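Participant: Before I ask anything, here is the structure I am working with.
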Amino acid sequence: AQTVTQSQPEMSVQEAETVTLSCTYDTSESDYYLFWYKQPPSRQMILVIRQEAYKQQNATENRFSVNFQKAAKSFSLKISDSQLGDAAMYFCAPSGGLNDMRFGAGTRLTVKP
Amino acid sequence: GAVVSQHPSWVICKSGTSVKIECRSLDFQATTMFWYRQFPKQSLMLMATSNEGSKATYEQGVEKDKFLINHASLTLSTLTVTSAHPEDSSFYICSARVTAEQYFGPGTRLTVT
């Protein structure tokens, strides 16, 4: 079973600044992946970044990076040089092996010009 | 690559009628597809997992006789909402899994009057 906690319902960042979205999870799987998805107003789910739990190195994808603390079961997302197009709902999700993907409550990110 | 389509994108039906939503993986084969429901300003809630050629696995609290899922081929899964009621009005999203990642359809907005 997997549970996900996103403790920040809303976050705001100034354009070009950096923001960090938090996520903690619990899973009974020994081998799993972690994902951050973005859902803009169109409601299309877009993969932002993924992390394999067996890898110690934090994943990075352009302006997006994660801080993965396996022992603490923490998986935060850092967005650098925030852009107006980054405004969206962000969902964290662990996924173990062939199991389904369950999402946290989400964080609504607002980017101020 | 890895495109998932849904049809229709929105549908309005009368209470008591049934409506079918199609989910297709356009450029890949998916042995497993998932159906989610999303109410306004909420997260995605997993309804069921469907594997090609076998019966779907429903989440606790989801009525399998009301939400009929068929996964007849590796590229098509359908969700039929039977005897729809206004409380079934929601945004329905499907996804298809390839290895560890899930790719999401654009969603279907269902309104039951």
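Participant: B:I21's amide H: which non-local residues (gap 5+, or another chain) put their own amide H closer than 5 Å, with H modeled 1.01 Å from N in plane and none for Pro or chain starts?
Facilitator: Hits under the 5 Å cutoff: B:L79, B:T80, B:V81.
Participant: Could you work out the equivalent-ellipsoid semi-axes for chain A, taking the square root of 5 times each eigenvalue of the Cα gyration tensor, largest first, in whole Å? Please list the in-between numbers first.
Facilitator: Numbers: eigenvalues 110, 42, 28 Å².
Its equivalent ellipsoid spans semi-axes of 23, 14, 12 Å.
Participant: Magnitude of the Cβ-charge dipole of the protein assembly as shown, K/R +1 and D/E -1, about the Cα centre, nearest 20 debye? Don't skip to the end; give the middle numbers.
Facilitator: On the way: 21 positive and 20 negative charges, 56 e Å.
It comes to approximately 260 debye.
Participant: Please list, by residue number, every one of the GluC sites (Glu not before Pro) in segment A:1-84 that is coil in DSSP and has at most 13 other beta-carbon atoms within 10 Å.
Facilitator: Numbers: sites: A:E10, A:E15, A:E17, A:E29, A:E52, A:E61; in loops: A:E15, A:E17, A:E29.
Here the GluC sites (Glu not before Pro) that fit, given the DSSP loop and packing criteria, are A:E15, A:E17.
Participant: Another question about this same structure. Which loop-located trypsin sites (Lys or Arg not before Pro) does segment B:13-55 contain, where loop means any DSSP state but H, G, I, E or B and the Cβ has at most 12 other Cβ atoms within 10 Å?
Facilitator: Working: sites: B:K14, B:K20, B:R24, B:R37, B:K41, B:K55; in loops: B:K14, B:K41, B:K55.
Answer in residue order: B:K14, B:K41, B:K55.
Participant: In debye, nearest 20: dipole of chain A around its Cα centre with unit charges on the Cβ of K, R (+) and D, E (-)? Write down the numbers at each step before the final one.
Facilitator: Working: 11 positive and 11 negative charges, 14 e Å.
Around 60 debye, computed over chain A.
Participant: Per the 1.4 Å probe, what fraction of the accessible area of chain B, in percent, lies on carbon and sulfur atoms? List each step's numbers first, then the result.
Facilitator: Numbers: 2850 of 5440 Å².
Ligands and nucleic acids excluded, carbon and sulfur reach 52 percent.
Participant: Which percent of the accessible area of segment A:25-86 is formed by carbon and sulfur heavy atoms (probe 1.4 angstrom)? Write out the running numbers ahead of the final one.
Facilitator: Details: 1410 of 3210 Å².
Reported share for carbon and sulfur atoms: 44 percent.
Participant: Determine the shielding of peptide A:35-45 by partner chains: average, over its residues, the number of Cβ atoms on other chains within 10 angstrom of each Cβ. Intermediate values should be presented prior to the final figure.
Facilitator: Working: counts 3, 0, 3, 0, 6, 0, 0, 2, 8, 6, 12.
Going residue by residue through A:35-45 and averaging, the value is 4.
Participant: Here's something else I'd like to know. Can I get the semi-axes of segment B:1-42's equivalent ellipsoid? Compute them from the C-alpha gyration tensor as square roots of 5 times the eigenvalues, in angstrom, largest first. Numbers along the way, then the final one.
Facilitator: Numbers: eigenvalues 114, 38, 20 Å².
The equivalent ellipsoid of segment B:1-42 has semi-axes of 24, 14, 10 Å.
Participant: With charges only on Cβ, +1 for K and R and -1 for D and E, what is the dipole size of chain B about its Cα centre, in debye, rounded to 20? Don't skip to the end; give the middle numbers.
Facilitator: Working: 10 positive and 9 negative charges, 36 e Å.
Approximately 180 debye in magnitude.
Participant: Provide a whole-number value for the mean count of partner chain Cβ atoms within 10 Å of the Cβ atoms in peptide B:10-19. Display every interim value, and only then the final one.
Facilitator: On the way: counts 0, 0, 0, 0, 0, 0, 0, 0, 0, 0.
Counting other chains' Cβ atoms within 10 Å and averaging over B:10-19 gives 0.
Participant: For a bin width of 10 Å, list the pair-distance distribution of segment A:66-111 built from all Cα-Cα distances, rounded to whole %.
Facilitator: It works out to 22, 46, 28, 5, in whole percents.
Participant: Within segment A:5-113, report the chymotrypsin sites (Phe, Trp or Tyr not before Pro) that DSSP leaves as loop and that have at most 13 other Cβ atoms within 10 Å. It would help to have the intermediate numbers written out before the result.
Facilitator: Numbers: sites: A:Y25, A:Y32, A:Y33, A:F35, A:W36, A:Y37, A:Y54, A:F64, A:F68, A:F75, A:Y90, A:F91, A:F103; in loops: A:Y54, A:F103.
When the chymotrypsin sites (Phe, Trp or Tyr not before Pro) of segment A:5-113 are filtered for loop state and at most 13 Cβ neighbours within 10 Å, A:Y54 remain.
Participant: Now a separate question. Where the centre of each part is set by its Cα atoms, how far does segment A:75-113 sit from segment A:32-54, in angstrom?
Facilitator: 6 Å
Participant: What are the residues whose amide H is under 5 Å from the amide H of A:G96, where those residues sit 5 or more places off or on another chain and H is modelled from the backbone?
Facilitator: A:Y33
Participant: Taking only protein heavy atoms and a 1.4 Å probe, what accessible area per residue, in Å², does the protein assembly as shown have with all protein chains in place? Kindly include the intermediate steps, with their values, before the conclusion.
Facilitator: Details: 10940 Å² over 226 residues.
Dividing the accessible area of the protein assembly as shown by its residue count gives 48 Å².
Participant: So which residues in segment B:44-92 end up with at least 20 square angstrom less accessible surface once the other protein chains are there, compared with the chain by itself, probe 1.4 angstrom?
Facilitator: B:L44, B:L46, B:E59, B:F91
Participant: Over the Cα atoms of chain B, how large are the radius of gyration and the largest Cα-Cα distance (Dmax), in Å?
Facilitator: 13.1, 39
Participant: Taking every residue in A:82-95, how many Cβ atoms of other protein chains lie within 10 Å of its Cβ, on average?
Facilitator: Values: counts 0, 0, 0, 0, 0, 0, 0, 4, 0, 2, 1, 3, 0, 4.
Mean partner shielding for this stretch: 1.
Participant: Additional query: Using only protein heavy atoms and a 1.4 Å probe, how much accessible area in total is buried between A and B, to the nearest 100 Å²?
Facilitator: Approximately 1700 Å², summed over both chains.
Participant: For segment B:1-74, build the charge dipole from Cβ charges (+1 Lys, Arg; -1 Asp, Glu) around the Cα centre, then report which of B:T31, B:G16, B:V62 sits farthest towards its positive end.
Facilitator: It is B:G16, whose Cα lies furthest towards the positive end.
Participant: Step by step: find N for the protein assembly as shown, compute 2.2 N^0.38 Å, then divide the Cα radius of gyration by it. What's the final number?
Facilitator: Relative to the rule-of-thumb radius for its length, the protein assembly as shown sits at 1.03.
The values are calculated or read from the model by the stated rules, or taken from the named source; none is laboratory data. Quantities reported herein were computed from a predicted structural model and do not represent experimental measurements. Cβ sites come from the backbone with ideal geometry, for glycine too, and all protein chains shown count toward neighbours. Please note that ligands, DNA and RNA were not included when accessible areas were found on the heavy atoms of the full protein model with its side chains. Shrake-Rupley method; radii C 1.70, N 1.55, O 1.52, S 1.80 Å.
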